[in-house]
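*Asks:* Take this structure, written in structure tokens, and hold onto it; I'll ask about it next.
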Ligand SMILES: O=C(O)CCC(=O)C(=O)O
């Protein structure tokens, strides 16, 4: 499999609008193992078996519970996309797996003010604008975007502007079928409307490697919040579950070493002991 570096246009699109979508990046055979790896994980470690559709079921680190799911972090397409946007030595920083129920209101995942952290999203069912696909507000990752500059509450758009939040001006619905991949800047406003009671989705969060003092400070801040320690979850092996570490090649370790070290400094009581 060849690597998958983004074109200049794709990188410019991401930097300008804060998201990108890839149609059929994964073939049917790959979709099958990714879906069954997700299901096995959420059922075994994610409380999926008691999901009754009344609320979201969420679990941490969805790619870290089976050896095959861990290989998503070795995949040349994923590494190429992330490498193009964050640098080849990007840091992998966990993620979440979900059976979503109902709508997700508008929010950004971060307010970093620069291209620091991104989220890769796998949606495992066909989703349209009316059945819960991800919506984005293009350009809203930019600190100068009008929504940020004027602190506009997009979720209050009925009172403010007489229109439903799902129809906010400029919104783009990113309709997907399994095999498609989405990626967005953590600072990009996103939402979902009209989904059912078991919308299957999982993510991988990644940041730049921390080469400067500025980035190291951001890294400490990021991992103090978005990590097992930040959520008070015990993996038994610190920042990552042991399957991810025990099956890692030297190439994969490039993406794990710095978050592992920072997590051990921040949360020594959760560090791996053996
Ligand atoms: O699909 C959804 O409902 C929203 C996903 C989301 O908000 C996220 O992953 O940060």
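*Asks:* Which one of 59, 240, 38 has the biggest mean-square fluctuation once the chain is modelled by GNM with Cα springs under 10 Å?
*Replies:* Greatest mean-square fluctuation among the candidates belongs to 59.
*Asks:* Additional query: For 146, 5, 123, which order do you get if you count the other beta carbons within 10 Å of each Cβ and list the fewest first?
*Replies:* Details: 146 12, 5 15, 123 25.
Placing the least packed residue first, the sequence is 146, 5, 123.
*Asks:* Let me ask another. How long is the gain from residue 161 to residue 32 if the chain were fully straight, where each residue apart is worth 0.36 nm and the alpha carbon distance is subtracted?
*Replies:* That works out to 42.1 nm of additional length.
*Asks:* Per DSSP helix of 4 or more residues, -39500 (n - 2.57); summed, then divided by the residues of the chain. What does that give at 222 nm, rounded to the nearest 500?
*Replies:* Working: 9 runs with 87 residues, N = 274.
Mean residue ellipticity at 222 nm (helix-derived): -9000 deg cm²/dmol.
*Asks:* Multiply the residue separation of residue 24 and residue 242 by 0.36 nm, subtract the distance between their alpha-carbon atoms, and state the gained length in nm to one decimal. Walk me through the intermediate numbers first.
*Replies:* Numbers: separation 218, 0.36 × 218 = 78.48 nm, distance 3.06 nm.
Answer, rounded to one decimal: 75.4 nm.
*Asks:* Which percentage, to the nearest 5, of the DSSP beta bridges contained in the chain is antiparallel?
*Replies:* Working: 34 of 35 bridges.
Taking every DSSP beta bridge with both residues in the chain, the antiparallel ones total about 95 percent.
*Asks:* Here is a follow-up. Using 0.36 nm times the number of residues separating residue 58 and residue 128, minus their current alpha carbon distance, what extension gain do you get? Each step should come with its number before you reach the end.
*Replies:* Details: separation 70, 0.36 × 70 = 25.20 nm, distance 2.19 nm.
Full extension from residue 58 to residue 128 adds 23.0 nm.
*Asks:* Under 1.5 on a/c is rounded, so check that first for the chain, then, if it is not, pick prolate when a/b is larger than b/c and oblate when it is not; a ≥ b ≥ c are the square roots of the alpha carbon gyration tensor eigenvalues.
*Replies:* On the way: a/c = 1.44, a/b = 1.25, b/c = 1.15.
Here the chain falls in the rounded category.
*Asks:* Apply the a/c threshold of 1.5 to the C-alpha gyration tensor of segment 74-194 and tell me whether it is rounded, prolate or oblate. Mind showing how you got there, number by number?
*Replies:* Working: a/c = 2.37, a/b = 1.32, b/c = 1.80.
Oblate is the answer for segment 74-194, as a/c is 1.5 or above yet b/c matches or exceeds a/b.
*Asks:* Can you figure out the FRET efficiency of residue 149 with residue 10, using R₀ = 22 Å and their beta-carbon distance, to the nearest 0.05?
*Replies:* Numbers: r = 27 Å, r/R0 = 1.22.
Approximately 0.25, to the nearest 0.05.
*Asks:* Determine the shape class of segment 1-144: with a ≥ b ≥ c the square roots of the Cα gyration tensor eigenvalues, call it rounded for a/c under 1.5, and otherwise prolate if a/b is greater than b/c, oblate otherwise.
*Replies:* Working: a/c = 1.73, a/b = 1.24, b/c = 1.39.
Judged from the Cα gyration tensor, segment 1-144 comes out oblate (a/c at least 1.5, b/c at or above a/b).
*Asks:* Please state the relative contact order of the chain as a whole percent: Cα pairs under 8 Å, 6+ residues apart?
*Replies:* Details: 550 pairs, mean separation 73.8, N = 274.
That works out to 27 percent.
*Asks:* Another question about this same structure. State, to one decimal in nm², a quarter of the convex hull surface area for the C-alpha atoms of segment 165-265, i.e. the direction-averaged projected area.
*Replies:* Details: hull surface 37.8 nm².
Convex hull of Cα atoms, orientation-averaged projection: 9.4 nm².
*Asks:* In addition: For segment 61-105 and segment 115-144, what is the separation of their Cα centres, given in Å?
*Replies:* About 15 Å separates the Cα centre of segment 61-105 from the one of segment 115-144.
Readers should treat all values here as calculations from the given coordinates under stated rules, not as data from a laboratory. Only a predicted model underlies this, so the values are computations on that prediction, with no experimental measurement involved. So basically every Cβ, Gly included, is an ideal-geometry build from the backbone, and we count neighbours across all protein chains shown.
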